[in-house]
């Protein structure tokens with residue numbers, strides 16, 4: 001099942017980079033929970049697919065173009081997948097080159113959770129792994 005989870009997360013990144021909001025929406029469970037990094041401007045937890053999609057659309061609207069580029073392997077951790085990436089954005093907002101790690105929980109081929117970290121080692125520990 002874990003290789004399937006990695007495939008789901010890869011598909012999520014592909015859909016995000018293709019700007020395919022419908023595919024991004026469908027890959028997420030209706031009860032998905034997204035937790036931002038602590039010092040994020042709209043910090044906190046977002047519960048439910050609609051709340052998560054609203055946040056993602058707001059973030060996406062910050063730039064004319066953006067891309068989430070994985071810079072590590074997709075790490076399989078049972079029902080979680082850990083991926084380190086750089087999120088680049090250019091356009092009408094400030095240019096961005098943020099390095100983050102997302103710990104995604106996947107169940108029944110849907111993303112049930114996103115938890116973002118600035119520190120990759122902290123993300124690995126949250127997923128029950130060590131660097």
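The values are calculated or read from the model by the stated rules, or taken from the named source; none is laboratory data. Small disclaimer: the values here were computed from a predicted structure and weren't measured. Counting neighbours? That spans all protein chains shown, and the Cβs are built from the backbone with ideal geometry, glycine included.
Laid out as a table, the results:
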quantity	calculated
Qualifying residue in the range 58-76 (condition: under 14 Å from the mean Cα position of the chain (by Cα), within 20 Å of residue 14 (Cβ to Cβ) and assigned to a helix (DSSP H, G or I))	yes
Condition met for residue 55 (assigned to a strand (DSSP E or B) and in contact with a strand residue (DSSP E or B) (Cβ under 8 Å, 6 or more places away or on another chain))	no
Residue check for residue 117: touching a residue at least 12 places away in the same chain (Cβ under 8 Å), in contact with a helix residue (DSSP H, G or I) (Cβ under 6 Å, 6 or more places away or on another chain) and under 25 Å from residue 2 (Cβ atoms)	yes
Qualifying residues in the range 91-111 (those that are outside any loop (DSSP other than H, G, I, E, B) and over 11 Å from the mean Cα position of the chain (by Cα)) - the one surrounded by the fewest Cβ atoms within 10 Å (Cβ to Cβ)	97
Among the residues listed as 67, 60, the single one being under 22 Å from residue 22 (Cα atoms), surrounded by fewer than 18 Cβ atoms within 10 Å (Cβ to Cβ), at pLDDT below 95 and out of contact with any helix residue (DSSP H, G or I) (no Cβ under 7 Å at 6 or more places or on another chain)	60
Which listed residue, of 34, 129, is more than 24 Å from residue 19 (Cβ to Cβ), in contact (Cβ under 8 Å) with a residue 40 or more places away in the chain, in contact with a strand residue (DSSP E or B) (Cβ under 9 Å, 6 or more places away or on another chain) and not in a helix (DSSP H, G or I)	129
Unique match (being at pLDDT below 90, in contact with a helix residue (DSSP H, G or I) (Cβ under 6 Å, 6 or more places away or on another chain) and farther than 15 Å from residue 12 by Cα) among 42, 38, 131	131
